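Heads up, the thing below is written out as structure tokens.
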Amino acid sequence: MKHIVIYLICLFSSMLNAAINEINIIPNATTSISKAINLAEPFKDRITIPLEIQDQISNANLIIVGNKNDKIRASLQLETSMSIQDEGPHLDLLDWKHCTSDWLTLDNSATHQFKLPDFENISLDCFPEVTLAEIKQAVLQHDGQEWMPLFDRDSFNKEMNLLIGISAARIKIEQMIEGKWVVVTIVNLNIPIGC
């Protein structure tokens, strides 16, 4: 009996995942991605993909391959982080403070085809106010002792040396199962802040 229950759980679990076979992020005329993003089942709960500095996924196409009769939705969340910069070199404070947008439901332009929005049109002005002392403390906690002289320079300029930029884009894929939206996976795209 125990083996039958385990078999049924495995069978039911595979049926849930079988509806979505692939998740693809495809560039268009205004986007570029150095490596194609093609994910195939089985999907982990969370998938992390580091992007290259030249990768642009704003306005990219998201194509989900699966049963065309299934109800699937996708949503996007952006996160910003602070970066300390000095004419090229930079220190990204990725595990410090952030501005995180609400989940934005993506328009389904065709059967399971979605377009990511232009990231510049998403309000991301919620980064918490921080003092210079808090920033220095965060830099030291990130083993950034070599960055401390930057703060004491006469040429130090908050607008030039402190950048808040998009550091992550999360895409949540959900499927309607028995009348409820169930998260299939969340794809976390790590975006380099510095130039």
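At-a-glance table
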quantity	calculated
Residue satisfying all of: in the range 42-81; open to solvent by 50 Å² or more (accessible area, probe 1.4 Å) and farther than 16 Å from I171 by Cβ; farthest from the chain's Cα centre (by Cα) among these	N69
Options S75, S32, S58: the member that is under 17 Å from L106 (Cβ atoms) and modelled with pLDDT under 95	S58
Qualifying residue in the range 100-108 (condition: within 25 Å of Q77 (Cβ to Cβ), in contact (Cβ under 8 Å) with a residue 40 or more places away in the chain, of a type outside the set (K, R) and open to solvent by 80 Å² or more (accessible area, probe 1.4 Å))	yes
Hits in the range 140-156 - residues which are in contact with a Leu (Cβ under 6 Å, 6 or more places away or on another chain) and buried (at least 17 other Cβ atoms within 10 Å of the Cβ)	W147
Index of the failed condition, E159 passing every other in (1) assigned to a helix (DSSP H, G or I); (2) surrounded by 13 or more Cβ atoms within 10 Å (Cβ to Cβ); (3) out of contact with any strand residue (DSSP E or B) (no Cβ under 6 Å at 6 or more places or on another chain)	(2)
Failed condition for A74, given (1) under 27 Å from K158 (Cβ atoms); (2) outside any loop (DSSP other than H, G, I, E, B)	(1)
Conditions (1) part of a loop (DSSP other than H, G, I, E, B); (2) over 30 Å from I26 (Cα atoms); number of the one not met by D125	(2)
Every residue from the range 162-195 that is surrounded by 13 or more Cβ atoms within 10 Å (Cβ to Cβ) and part of a loop (DSSP other than H, G, I, E, B)	I191, P192, I193, G194
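The values are calculated or read from the model by the stated rules, or taken from the named source; none is laboratory data. In this text, all values refer to a predicted model and were calculated from it rather than measured experimentally. For neighbour counting, all protein chains shown are included, and Cβ atoms are generated from backbone atoms with ideal geometry for every residue, glycine included. SASA here: full protein model, heavy atoms, side chains in, ligands and nucleic acids out. Shrake-Rupley method; radii C 1.70, N 1.55, O 1.52, S 1.80 Å.
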